[in-house]
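Rule-based calculations on the coordinates, nothing more; no lab input. The structure presented is a predicted model; accordingly, all values stated were derived computationally and were not measured. For neighbour counting, all protein chains shown are included, and Cβ atoms are generated from backbone atoms with ideal geometry for every residue, glycine included.
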Amino acid sequence: MKAEGGLPSPWARVVVDTNLLLSAAIAPSGTPAALVDRLLAGSRLVFTEATFAEFETRIWKPKFDRYLPVETRRWLLRDFNASAAWVAPGPDLVAKKWSSDPDDDAFIRAAYASGAQRLVSGDDDLLCLRHLNDLSILTPRAALEEIGRTA
């Protein structure tokens with residue numbers, strides 16, 4: 001079964017961590033950007049209020065001023081907000097802990113709340129978990145390779 005846009009069903013909804021989204025915006029020729037472009041063409045990025053708030057807070061940090069003009073940041077926030085699959089984790093998910101970094105648990109909650117089967121990250125605190133039930137946690141390169149094998 002393929003997701004709308006042609007990606008295999010495990011990629012119909014996917015959670016991408018904040019650092020990868022920022023990397024994709026800063027370096028449009030890099031692996032994170034290639035992955036995000038592919039996902040935007042054939043899947044839905046999943047956000048919760050917490051994961052989007054983290055992205056929004058970080059994108060406005062002064063260290064990104066030289067890489068991302070204000071209008072580009074606004075465009076990214078507007079487009080991700082409009083195209084996202086929005087979910088709200090229930091209290092049972094909010095109470096659970098998986099990662100050694102509590103902030104990273106928000107991405108796992110987003111995946112479980114949406115039924116996403118893939119979470120893409122460059123964060124070792126998430127990557128060390130690898131598989132949580134039906135959720136696979138992959139690097140951007142591994143994600144692109146998997147999509148290439150199954151598409």
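A few remarks follow.
- Relative contact order [Cα under 8 Å, 6+ residues apart], the stretch 9-150, whole percent: 31 percent
- Simple Cβ-charge dipole of the chain, Lys/Arg +1 and Asp/Glu -1, about Cα centre, in debye nearest 20: 340 debye
- Each of [x] -0.64, -0.96, -1.08; [y] -0.74, -1.06, -1.16; [z] -0.66, -0.90, -0.98 is a candidate for log10 I(q)/I(0) by the Debye sum over Cα atoms at q = 0.14, 0.17, 0.18 Å⁻¹; the one calculated from this structure is [x].
- Chain lengthening between Leu77 and Asp103 when straightened (0.36 nm per residue, less Cα-Cα): 7.3 nm
- Looking at the chain, the DSSP beta bridges with both ends there are about 25 percent antiparallel.
- With R₀ fixed at 35 Å, the C-beta to C-beta distance from Leu40 to Lys96 puts the FRET efficiency at about 0.75.
- Rounded to the nearest 0.05, the FRET efficiency derived from the C-beta distance between Asp134 and Lys63 at R0 = 30 Å is 0.25.
- Measuring between their Cα centroids, the stretch 81-138 and the stretch 14-58 lie 14 Å from each other.
- Amide H to amide H distances under 5 Å link Val46 with Val14, Val15, Val16, Ala85, where only residues 5 or more positions off or on other chains count and H is placed in the peptide plane.
- Remark: Glu56, Glu145 ranked as Glu145, Glu56, counting other beta-carbon atoms within 10 Å and listing the fewest first.
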